[in-house]
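Coordinate-derived values only; no laboratory data. From a predicted model like this one, the values you see are computed outputs, not experimental measurements. Backbone-built Cβ (ideal geometry, glycine too); neighbour counts: all protein chains shown.
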Amino acid sequence: MQKKRSRRPDIGGRSTVFGTKGAVACENPQSALAGIRILDAGGNAADACVAMAAAQAVLAPMTTGMGGDAFLLFYEAETGRVLGANGSGRAPRAATIEKLRARGLTEMPERGGLTVTVPGAVRLWEDAARSLGRLPLAELLEPARRLAEEGCVVAEVVARYWETGEDLLRKNEAATRTFLPENRVPGAGEVFFQPDLARTLDAVIEGGADAFYSGEIARRISTAVQEAGGYLSEEDLAAHETTWVEPISTDYRGIRVHEIPPPGQGIAALEMLNILEGYDLAALDPVSAERIHLEAEAKKLAFRDLHQKIGDPEFVEVPTGDLLPKEYAASLREQISLSHAAGSVEPALGSDTTYLCAVDAEGNGCSFINSLYMGFGSGIVADGTGVCLQNRGTSFSLEEGHPNALAPGKRPLHTIIPGLATRDGDLWATFGVMGGPMQPQGHTQLLINLLDYGMSPQEAVDHPRHFHHDGTLLVERRIPEAEIGKLRKMGHRVEVGENYVVPTGGAQLIRILERGVRACGSDPRKDGCALAQ
C-alpha cells in the first residue's frame, strides 16, 4: 500500500495526536488532563471517561452536569464484546398528559419545572466505575471536586455559551447566584468558583451515588422542581437505576458501527449509513453539492422514522428490527432524487452536550456522552447544591398514542449518542459528535470522511460539516460558493455559517491504527484537545 503523504502543516489547523498506550479526547484540556492522569494512575478507559465527564460538569456547566443524563459504549478488549449503558432518567411518576393539558398546554414547554426528568448521570458514573473500571469512584471525582472548590478558568467557547444563557439564568434565584457571580456572566480567562457543587461532589465521594439520589441533595432537587411547577419527587430520584443494554449496529464499508438502542437516536445514524452505502461517495468531491445533498436526503428519511416510530421500548413496540436491514435501506434509497431536495417535517430538538472518549493501554475503549440537553437545561438550580437540572422532558409529545408521548416513568426520545466502531471484532474507533439532532448526521459525516475519503482523524474532525434541521441546510463557509449554488438549485434552503459554526457539532475521535497506534482528533469548534501516552 502506498504511503499517504502528510498534508500538515500546509493545510493549517491541528495535527492528529498519536500514541501507543492510552489516549483521551475531550472538549476541554483540563478534562483531558484529568483523563490521562487517571490512565497514568492505573485506571482504564471507563475510569478516564468518568473522570472527564465529572470534570466537564464543572468546566462547562451549561452543557453538562450532575443534573443531566449520560450514555456509554464500552469495548472490552479481553472478550471483544461491546457493552452499552443507558443512564437516562424517567419522567416523574406524577406527570401525565392529562395534567399538562389541564394546565392549558398542547405541547411540552421548553424550560422550567415540567421539563425536568430524573437526572441519570451520577448513577451511571458510579455504575461505570464499579462494573467496567478499576479505580474507586471517589478517586475519579476528585479532579472535578478540586476544580469546583479551587476554581476553574472559563474557556472561550464556554464563555460564548454562557452569554446565550444569561436571560434564562436570571429567571431562577439559585441559578443567578450560582452562575452569575458579581451579577454577570464570567468572561473567558476568568476564574469561576462553584463551592456548592464542590460540596455535592464531596457528598458523592463520601457516600456514593446514593448520597445524590436520596437524603438532603434529593430533597433539595425535588423541592426546586416542585416550586417551579414540576412533579419530580424524592421517590422518583430514589428509584432511578442505570439500564445496561445490547448495542445496535450495522456494517458500513467493512466496519461495524455500534450505537445505543432506542429511545436514543443512534438508530437514525445507522439508517443513514445503510442508505448511503449504496452510493459511490468516494467518487464525489468531499465538499461537493452532490455529497451534501445525498447525506441531507438520507437524513430526512431516517429522521422521519425516528420521529414517527421511536419511543421508550418499555412502553411501546419499537420496530428496530425492521429499520436496520439493508433491504429496508434500499427501499428508502429509491425515494431519493439525485437532483431535487425532498421536503421534511420534524419537531425541533435542542442541544448542549459534552462528548468524550478514551482508549487504554490494554485496548479497552469507552465512548461517553453527558448532557443537560439545552443550554443550562431547565434553567433550574437546586438551591445549595450547585446542580443545574436538565430539561430532557421537553422532548416528550403530548399527543396521545404517539410512541414518544409523555407517561409516568417513561424515558423520552433521546438525542445524545456515543459512537463506537469495530473491525473483525477489534476496536477500530471511539467517536462522537455532540449537538442535538446534529449527532446522527455528525456520526455519519465523520465516518464517511474516514472510510470513503481516507482522511486522518484530525482531518475528518476538521472537515466542513453541514446540518439539516427544521427545513434548513446549514453549511460552513468553507464549502465553495459554486457548490452552495448547486444545492440551492436542487431546492435546498441553504444557510451559510462561519468557517467553523457551532451548530454543526463538536467531534472527538480516537482511531486504532495498525500495530495499535492511537490516532486522535479533537474539534476546533470546541475548546478541547486530545492527549495520548
Notebook entry, point to check: Where the centroid of each part is defined by its Cα atoms, how far is region 194-251 from region 139-175 in Å?
Noted result: 19 Å
Next item on the list: Write down the radius of gyration of region 174-228 and its Dmax, each obtained from C-alpha positions, in Å.
Entry: 13.7, 36
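Using just the helices of the chain, give the 222 nm mean residue ellipticity in deg cm²/dmol: DSSP H runs with n ≥ 4 each add -39,500 (n - 2.57), and the total is spread over all residues, rounded to 500. Display every interim value, and only then the final one.
On the way: 19 runs with 186 residues, N = 533.
The helix-only estimate for the chain comes to -10000 deg cm²/dmol at 222 nm.
Between Val287 and Phe18, what length comes free when the chain is fully extended (0.36 nm per residue of separation minus the Cα-Cα distance, one decimal in nm)?
Values: separation 269, 0.36 × 269 = 96.84 nm, distance 2.65 nm.
Length gained between Val287 and Phe18: 94.2 nm.
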Next item on the list: Would you work out which of His240, His492, Ala289 lies farthest towards the positive end of the dipole of the chain, given +1 charges on the beta-carbon of Lys and Arg and -1 on that of Asp and Glu, about the Cα centre?
Entry: Ala289
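Do the alpha carbons of any pairs in Lys299/Lys526; Lys21/Lys326; Lys299/Lys410; Lys99/Lys526 sit beyond 29 Å of each other, and which pairs?
Working: Lys299/Lys526 24 Å; Lys21/Lys326 37 Å; Lys299/Lys410 26 Å; Lys99/Lys526 40 Å.
Result: Lys21/Lys326; Lys99/Lys526 exceed 29 Å.
Given Cβ point charges of +1 (Lys, Arg) and -1 (Asp, Glu) and nothing else, what value in debye, to the nearest 20, does the dipole of region 90-174 about its Cα centre take?
Values: 14 positive and 14 negative charges, 109 e Å.
Dipole of region 90-174, to the nearest 20 debye: 520 debye.
Computed FRET efficiency, Cβ-Cβ of Thr79 and Asp210, R0 35 Å: what is it to the nearest 0.05?
Working: r = 30 Å, r/R0 = 0.86.
Between Thr79 and Asp210 the formula returns 0.70.
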Note to self: Using the Kirkwood radius over C-alpha pairs as Rh, can you work out the diffusion coefficient of region 47-203 via Stokes-Einstein at 20 °C, viscosity 1.002 mPa s, in µm² per second?
What the structure shows: 122 µm²/s
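Using only the Cα atoms of region 400-485, build the gyration tensor, take square roots of its eigenvalues as a ≥ b ≥ c, and label the shape rounded, prolate or oblate: rounded if a/c is under 1.5, else prolate if a/b is larger than b/c, else oblate. The partial results should precede the final answer.
On the way: a/c = 3.22, a/b = 1.31, b/c = 2.45.
It is oblate, given that a/c is not under 1.5 and a/b is not larger than b/c.
Net charge within 9 Å of Asp251 by Cβ-Cβ distance, Lys/Arg positive one each and Asp/Glu negative one each, not counting Asp251 itself? Each step should come with its number before you reach the end.
Numbers: positive: Arg253, Arg256, Lys326; negative: Glu277.
After counting each charged neighbour, the total is +2.
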Check: Counting other C-beta atoms within 10 Å, which of Arg184, Arg177, Arg90 has the fewest, and how do the rest follow?
Finding: Arg184, Arg177, Arg90
Checklist line | Dipole of the chain, positive end: most advanced residue of Ile97, Gly454, Ser395 [Cβ charges, Cα centre] | finding: Gly454
Check: How about region 101-161: which trypsin sites (Lys or Arg not before Pro) there are in a DSSP loop, with at most 11 other Cβ atoms within 10 Å of their Cβ?
Finding: Arg103
Checklist line | Given charges at Cβ of Lys, Arg, Asp, Glu: the chain dipole, positive-most of Ala32, His463, Leu332 | finding: His463
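Could you give the alpha-carbon Rg of region 249-391 over 2.2 N^0.38 Å, rounded to two decimals?
Numbers: Rg = 18.2 Å, N = 143, 2.2 N^0.38 = 14.5 Å.
That ratio works out to 1.26.
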Item checked: 5 angstrom amide H check on Glu399, placed H, neighbours 5+ away -> Leu406
Check: Percent relative contact order of region 388-533, based on C-alpha pairs within less than 8 angstrom and at least six residues apart?
Finding: 20 percent
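With an 8 Å cut-off on Cα pairs and a minimum separation of 6 or more residues, tell me the relative contact order of the chain in percent. Kindly include the intermediate steps, with their values, before the conclusion.
Details: 1297 pairs, mean separation 137.3, N = 533.
So the answer I get is 26 percent.
How far, in nm, would the chain grow between Ser337 and Asp470 when pulled straight, counting 0.36 nm per residue and subtracting the alpha carbon separation? Can you show the working numbers first?
On the way: separation 133, 0.36 × 133 = 47.88 nm, distance 1.99 nm.
Contour length minus Cα-Cα distance gives 45.9 nm.
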